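What follows is a short report on a single structure.
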Amino acid sequence: MAKLTLFEKLNQIESRYDEMTNELSSAEAVTDTDRYQKLAKTHSDLGIIVAKYREWKDIKEALDGAKQLYAESPDPEMKQMAHDEQRDLEARLGPVERELQLLLIPKDPNDEKNVIVEIRAGTGGDEASLFAAEIFRMYSRYAESQGWKVEVLESSPSSIGGMKEIVAAIQGKKVYSKLKYESGVHRVQRVPATEQQGRIHTSAATVAVLPEAEDIDIKIEAKDLRIDTFCSSGPGGQSVNTTYSAVRITHIPSGLVVSQQDEKSQIKNRAKAMRVLRARLYEMEQAKQHAALAAERKGQIKTGDRSEKIRTYNFPQNRITDHRINFTLHQLTEAMDGKIGPLVDALVTHFESERLNEKLEEA
């Protein structure tokens with residue numbers, strides 16, 4: 001069977017959208033809550049594509065009209081007007097067509113998910129722990145600007161007010177779609193507060209962004225878990241309470257270990273630990289699938305390994321650079337205050353365009 005062209009697919013989507021519009025107002029759909037919700041969700045998703053397709057058709061119709069007027073009009077002034085309009089419409093048509101192609105790429109099934117963000121101090125000692133805390137603050141402020149909710153699941157403060165490690169859940173609309181390209185090594189170059197000679201030091205923190213898995217994504221058997229309880233401890237290892245509220249969960253088949261002690265309740269600590277464990281197991285399963293696909297794909301260059309340095313925060317030059325896409329912002333102060341929208345959007349645009357090119361090559 002011959003493959004459908006881009007616009008044959010779009011015509012089919014538009015027809016299906018119109019059918020679903022009628023279905024949503026039918027008595028059968030209204031009385032069946034589950035069906036109505038699924039129908040409304042699909043109708044909403046298709047509506048974005050259909051709106052862009054109709055915009056493309058309007059531009060195309062106007063462009064054809066301008067071309068015809070230019071070809072048939074005997075009036076030089078009208079010809080010039082038609083020529084100018086044709087040029088403007090052609091400039092608009094290309095980007096809209098590109099957006100349509102992007103909209104037709106199958107979405108990452110995780111894009112709608114909430115995330116678990118794990119930030120750990122890397123090389124650099126105390127300075128690295130301070131940087132890790134600042135990275136967390138950056139994401140927290142960005143989340144606030146997006147209307148997302150941030151919940152700390154696990155934290156390990158350093159002795160000077162930084163963070164050796166912090167694990168947080170971020171919940172909201174399309175969180176993973178925005179933050180999925182943040183995983184990797186983040187490097188900072190600056191003069192630490194403790195530096196007497198004014199020398200620039202280089203430190204690092206690692207960031208991992210995991211889609212938060214639901215029960216239906218990952219099935220964890222009780223027999224595969226070993227759960228230990230112990231007393232919570234603070235910086236330096238001193239005990240901070242005398243009850244066995246802290247929880248350590250070991251997933252025996254994978255060897256993954258998750259500890260949680262931030263809550264005073266053992267039940268709450270166990271629930272938080274399970275959320276983190278589920279997210280890590282889900283990521284492991286995805287990594288296996290991605291590795292299998294990568295092995296089949298010729299010319300694979302990028303490994304996606306988190307050990308690769310992805311970004312540098314240079315304080316003396318007020319510069320933040322993402323090395324994967326050669327994107328630089330000379331607004332580091334604002335970025336550290338959560339204003340990373342331009343950087344996040346540039347990453348999404350770049351990698352989604354790469355996905356589009358891969359799909360077009362496969363077609």
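The values are calculated or read from the model by the stated rules, or taken from the named source; none is laboratory data. Note that the structure is predicted; figures quoted are calculated from it, not measured. SASA here: full protein model, heavy atoms, side chains in, ligands and nucleic acids out. Shrake-Rupley method; radii C 1.70, N 1.55, O 1.52, S 1.80 Å.
Across region 132-141, coupling constants 3J(HN,Hα) worked out from phi with the 6.51/-1.76/1.60 Karplus curve, θ = phi - 60°, read 4, 5, 5, 4, 4, 4, 4, 5, 5, 5 Hz, and Gly and Pro carry x. Cα centroids of region 146-189 and region 255-277: 17 Å apart.
How many lysine pairs does region 16-93 hold where the Cα atoms are under 18 Å apart and the two sit 8 or more places apart or on different chains? Walk me through the numbers before you get to the answer.
Values: Lys41/Lys52; Lys52/Lys60; Lys57/Lys67; Lys67/Lys79.
Lysine pairs meeting both conditions in region 16-93 amount to 4.
On full extension, the segment bounded by Glu28 and Ala193 gains 52.7 nm, given 0.36 nm per residue less the C-alpha separation.
Normalised per residue, the accessible area of the chain is 57 Å², obtained with a 1.4 Å probe and no contribution from ligands, DNA or RNA. Within the chain, what whole-number % of the accessible surface is contributed by carbon and sulfur, with the 1.4 Å probe and all protein chains included in the calculation? In the chain, the share of accessible area belonging to carbon and sulfur is 52 percent. Within a straight-line Cα-Cα reach of under 24 Å, Lys272 can be paired with the following lysines, leaving aside sequence neighbours fewer than 8 residues apart in one chain: Lys113, Lys149, Lys164, Lys173, Lys174, Lys178, Lys180, Lys219, Lys223, Lys264.
With Cα atoms as the point set, the chain shows a radius of gyration and Dmax of 26.1, 94 Å.
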